[in-house]
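Here the structure is laid out as structure tokens; the discussion comes afterwards.
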Amino acid sequence: MPLYLGLDSSTQSLSAIVLEADGDRRRVAFESSLQFDEALPHYRTTHGVLPSDDPATAASPPLLWAEALDVMMARIGQSGLDLSRLAAISGSAQQHGSVYLNARAAPALAALDPSRPLAEQLGGIFSRNVAPIWMDSSTSAECAEIEAAVGGDRALAQRTGSRAFERFTAAQIRKFSKTNPAGYAATDRIHLVSSFLATLLTGWHAPLDPGDASGTNLMDLAACQWWPAAVDSTAGGLAIKLPAIAPASAVVGTLSDYWRTRYRLPPANVIAWSGDNPCSLVGTGLVREGRIAVSLGTSDTVFGLMREPRVDHTGTGHVFGAPTGDYMGLTCFKNGSLARERIRDAFGLSWDSFSEALGRTPPGNHGRVMLPWFEPEITPSVLTPGVHRYGFGPDDADANVRAVIEGQQMALALHSRWMNVTVDSIHATGGAAANRDILQVMADVFGADVYQLQVGNSAALGAALRAFHGGLAAEGVAMPWDEVVKDFAEPLAASRLPPDSSRHAVYRDLIDVYAACEAHALGRGPDPAARLDVFRKSNG
Ligand code: XUL
């Protein structure tokens, strides 16, 4: 039976899933994960990110991702699987991050010595040693400049799927070209994390897929081509530095001689890599419209498939290309798992005692509301971090635990309204989706059934399923997406968490009060004290 490998290079870790699939006989044959900070401490990252005095900047060393890939391929090589059956590989990566390569990269990649570790052969290929990542929020000036040059935020959103966002690649490239013109001039190719890792596997500059390219603010969403107006407004001479864009199921090369010799692997097809959210769309089985997924990971995201690109004119969300050739709507929050961990650690809790604390307070938390902006927030846009608490202080453990979970779920529900989807069921994924107490709050806030999935890492699973789909397509077999995801990405019926109607009624009231607190914290609305009082009186 053929094997299909999916890799996921996320903010904090690299994971791999190998699927064995032949017709209806399918199983996960191998799964492995490595945490960057622990496995590769010499890069001195914290949660995968380089330390910085400025909370607005966030970067990671691209060499770390390359070395992690080498370590993971070694693990796969030693897995005991019959790897001569490896038919195709695809991958998922954190979105928006950019990797700057000089003209030495192409010859260096073509001449890698399989007897030597990868990272020690890549030292000279970068025109910038760090890669700005999706957590960076330091480019507001560049966002304004790009929007002005293309005719405004609506024009940019209409064409590329998003208004200008600080973390998107265009603003990051513009900032680099302004602050380090020599470094920019020495840059021959700018990859996203996804196409950089695909490039390492194939040994030549691999194209991007439309899903990840739509996280740059540079791609014409309808044409799946770079949009010249945005490219020219971003930085001089950028067009020739960008990779090609290929369909998500395209074969972008075969595994290079380096990997084949080093780990005795076959010349497997490499299918275009994509972003973690487009891959998760497949890995959560959302290949049809009408359902949404919520991913509770380093970032919290809410997303769903769209047949037509309905762009968000409130400026909150994004429309990306989907691996199925359709589109996906997405809203992203930066204060995800790290905010949950901040509260857990502040009170010295385990995840079990965190759940117990959640159980000691009622839905609505007696009208205590938190905006958990420990870090600068993406949705809504908050550039100066700060946690806002309404009706309680930082010392009450039980109140803080419920407030962080309810605050995050309220924000997910409020800021996904633009997608205009009637949500009756949610597929939950990401690390915190293992916690059923958190998922019950999600079910009650959204008033929807919440399901867990059998494979927790939906991005790595989605990448493996994309390898399966693309590998078959390369052999002339066009398997419909429903069939591709069948068995692997289906929600577990037994995991269903139905909403409780009385709790949902509390949250229907609270969401408006939450929106008032958010407006106040952003300096755009009056003090919500009176509204909180009314809520407390009617909800205990
Ligand atoms: C999506 C986003 C994050 C990263 C995290 O727009 O910025 O979800 O993809 O890996």
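The values are calculated or read from the model by the stated rules, or taken from the named source; none is laboratory data. As the structure is a computational prediction, the values presented were derived from the model and not from experiment. Cβ sites come from the backbone with ideal geometry, for glycine too, and all protein chains shown count toward neighbours. Quick note on the areas: whole protein, heavy atoms, side chains included, nothing else; ligands and nucleic acids left out. Shrake-Rupley method; radii C 1.70, N 1.55, O 1.52, S 1.80 Å.
Can you tell me which condition Arg260 does not meet? The list is (1) open to solvent by 30 Å² or more (accessible area, probe 1.4 Å); (2) within 16 Å of the ligand (Cβ to nearest atom), and all the others hold.
For Arg260, the exception is condition (2).
I need every pair where a residue in region 416-428 that is assigned to a helix (DSSP H, G or I) has its Cβ under 9 Å from the Cβ of a residue that is open to solvent by 40 Å² or more (accessible area, probe 1.4 Å), sequence separation at least 6 or different chains.
Correct list of pairs: Arg417/Thr314; Trp418/Arg310; Trp418/His313; Trp418/Thr314; Met419/Arg310.
If you check Ser84 against the conditions, is it open to solvent by 20 Å² or more (accessible area, probe 1.4 Å), within 16 Å of the ligand (Cβ to nearest atom), closer than 29 Å to His469 by Cβ and of a type in the set (Gly, Ala, Ser)?
Working: open to solvent by 20 Å² or more (accessible area, probe 1.4 Å): yes; within 16 Å of the ligand (Cβ to nearest atom): no; closer than 29 Å to His469 by Cβ: yes; of a type in the set (Gly, Ala, Ser): yes.
No, not satisfied.
Could you check Val319 against (1) in a strand (DSSP E or B); (2) farther than 19 Å from Ser194 by Cβ and say which number it fails?
Condition not satisfied by Val319: (2).
Is there any pair linking a residue in region 491-514 that is modelled with pLDDT of 95 or more and crowded, with 16+ Cβ neighbours inside 10 Å to one that is in a strand (DSSP E or B) and aliphatic (A, V, I, L, M), with Cβ under 7 Å and at least six apart or on different chains, and which?
Qualifying pairs under 7 Å: Leu497/Val450; Val513/Val369; Tyr514/Val369.
Considering only region 383-404, state which residues are over 15 Å from Ala339 (Cα atoms) and under 26 Å from the mean Cα position of the chain (by Cα).
Correct list: Leu383, Thr384.
Just give me the residues in region 386-397 being under 20 Å from Leu412 (Cα atoms) and either surrounded by fewer than 16 Cβ atoms within 10 Å (Cβ to Cβ) or modelled with pLDDT under 95 (or both), in sequence order.
Quick first cut of region 386-397, residues under 20 Å from Leu412 (Cα atoms) only: 386-390.
Residue satisfying the conditions is Gly386 alone.
Determine, yes or no, whether Val282 is more than 13 Å from the ligand (Cβ to nearest atom), farther than 30 Å from Arg104 by Cα, modelled with pLDDT of 95 or more and open to solvent by less than 20 Å² (accessible area, probe 1.4 Å).
On the way: more than 13 Å from the ligand (Cβ to nearest atom): yes; farther than 30 Å from Arg104 by Cα: yes; modelled with pLDDT of 95 or more: yes; open to solvent by less than 20 Å² (accessible area, probe 1.4 Å): yes.
Criteria met by Val282.
Among the numbered conditions (1) within 15 Å of the ligand (Cβ to nearest atom); (2) more than 12 Å from the chain's Cα centre (by Cα); (3) open to solvent by less than 20 Å² (accessible area, probe 1.4 Å), tell me where Leu265 comes up short.
(1)
List every residue pair whose Cβ atoms lie under 8 Å apart, where the two residues are 6 or more positions apart in sequence or sit on different chains, the first residue falls within region 111-136 and is within 18 Å of Ser60 (Cα to Cα) and of a type in the set (S, T, N, Q), and the second residue, located anywhere, is away from the ligand (no atom under 16 Å from the Cβ) and open to solvent by 50 Å² or more (accessible area, probe 1.4 Å).
Note: pairs meeting the criteria are Ser127/Ala186; Ser127/Asp188.
Restricting the search to region 481-490, which residues are open to solvent by 70 Å² or more (accessible area, probe 1.4 Å) and either over 17 Å from Thr429 (Cβ atoms) or touching a Phe, Trp or Tyr at 6+ places or on another chain (Cβ under 6 Å) (or both)? Walk me through it before giving the result.
From region 481-490, those open to solvent by 70 Å² or more (accessible area, probe 1.4 Å) are 483, 490; that's our starting set.
Answer for region 481-490, where residues must be open to solvent by 70 Å² or more (accessible area, probe 1.4 Å) and either over 17 Å from Thr429 (Cβ atoms) or touching a Phe, Trp or Tyr at 6+ places or on another chain (Cβ under 6 Å) (or both): just Glu483.
Filter region 424-467 for residues that are surrounded by 22 or more Cβ atoms within 10 Å (Cβ to Cβ) and on the phi > 0 side of the Ramachandran plot and give the result.
Hit for region 424-467 is Gly430, nothing else.
Which one is surrounded by the most Cβ atoms within 10 Å (Cβ to Cβ) among residues in region 306-330 that are within 15 Å of the ligand (Cβ to nearest atom) and farther than 28 Å from Ala144 by Cβ?
Taking the candidates together, the pick is Pro323.
Would you confirm whether or not region 286-294 contains a residue that is touching a helix residue (DSSP H, G or I) at 6+ places or on another chain (Cβ under 7 Å), within 11 Å of the ligand (Cβ to nearest atom), among the hydrophobic types (A, V, I, L, M, F, W, C) and open to solvent by less than 10 Å² (accessible area, probe 1.4 Å)? Give the steps one after another, and end with the answer.
As a first pass, look at region 286-294 and keep what is touching a helix residue (DSSP H, G or I) at 6+ places or on another chain (Cβ under 7 Å): 287, 293-294.
Retained after the next criterion (residues that are within 11 Å of the ligand (Cβ to nearest atom)): none.
No, because not a single residue in region 286-294 is touching a helix residue (DSSP H, G or I) at 6+ places or on another chain (Cβ under 7 Å), within 11 Å of the ligand (Cβ to nearest atom), among the hydrophobic types (A, V, I, L, M, F, W, C) and open to solvent by less than 10 Å² (accessible area, probe 1.4 Å).
Consider Gly430 carefully, then state whether it is within 30 Å of Gly285 (Cβ to Cβ) and within 20 Å of the chain's Cα centre (by Cα).
Working: within 30 Å of Gly285 (Cβ to Cβ): yes; within 20 Å of the chain's Cα centre (by Cα): yes.
Yes, satisfied.
Among the helices (runs of 4 or more DSSP H) confined wholly to region 91-209, which include 1 or more residues that are of a type in the set (Lys, Arg), more than 29 Å from Thr314 (Cα to Cα) and open to solvent by 30 Å² or more (accessible area, probe 1.4 Å)?
On the way: elements: 105-110, 140-150, 153-160, 169-179, 181-185, 193-202.
Passing ranges, in order: 169-179.
Pick from Gly183, Gly215, Gly211, Gly253: which is in contact with a His (Cβ under 8 Å, 6 or more places away or on another chain) and of a type in the set (Gly, Ala, Ser)?
On the way: Gly183 fails: in contact with a His (Cβ under 8 Å, 6 or more places away or on another chain); Gly211 fails: in contact with a His (Cβ under 8 Å, 6 or more places away or on another chain); Gly253 fails: in contact with a His (Cβ under 8 Å, 6 or more places away or on another chain).
On inspection, the qualifying residue turns out to be Gly215.
Inspect region 296-305 for any residue being in contact (Cβ under 8 Å) with a residue 24 or more places away in the chain, surrounded by 24 or more Cβ atoms within 10 Å (Cβ to Cβ) and of a type in the set (Phe, Trp, Tyr) and give the result as yes or no.
yes
Out of all the residues in region 307-323, which are over 18 Å from Phe446 (Cβ atoms) and at pLDDT 95 or above? Walk me through how you get there before you give the answer.
Just the residues of region 307-323 that are over 18 Å from Phe446 (Cβ atoms), to begin with: 307-315, 318-323.
Across region 307-323, the qualifying residues are His318, Val319, Phe320, Gly321, Ala322, Pro323.
What residue, among those in region 210-229 that are within 16 Å of the ligand (Cβ to nearest atom) and assigned to a helix (DSSP H, G or I), is surrounded by the most Cβ atoms within 10 Å (Cβ to Cβ)? Please lay out each step first, then the result.
Let us first name the residues in region 210-229 that are within 16 Å of the ligand (Cβ to nearest atom), namely 210-219, 221.
Applying the additional criterion that residues be assigned to a helix (DSSP H, G or I) yields 210-213.
Working: Pro210: 26, Gly211: 30, Asp212: 32, Ala213: 30.
That would be Asp212.
Just to be sure I understand, how many residues within region 515-540 are open to solvent by 20 Å² or more (accessible area, probe 1.4 Å) and closer than 21 Å to Gln440 by Cβ?
So the answer is 2.
Do we find a residue being under 22 Å from Leu383 (Cα atoms) and within 15 Å of the ligand (Cβ to nearest atom) anywhere in region 174-195?
Among the residues of region 174-195, not one is under 22 Å from Leu383 (Cα atoms) and within 15 Å of the ligand (Cβ to nearest atom), which makes the answer no.
Go through (1) within 17 Å of Tyr451 (Cα to Cα); (2) touching a strand residue (DSSP E or B) at 6+ places or on another chain (Cβ under 6 Å); (3) of a type outside the set (Gly, Ala, Ser) for Asp276 and report which single condition fails.
(1)
Considering every residue within region 331-345, establish whether at least one is away from the ligand (no atom under 16 Å from the Cβ), open to solvent by less than 10 Å² (accessible area, probe 1.4 Å) and β-branched (Val, Ile, Thr).
Yes; the residues of region 331-345 include at least one that is away from the ligand (no atom under 16 Å from the Cβ), open to solvent by less than 10 Å² (accessible area, probe 1.4 Å) and β-branched (Val, Ile, Thr).
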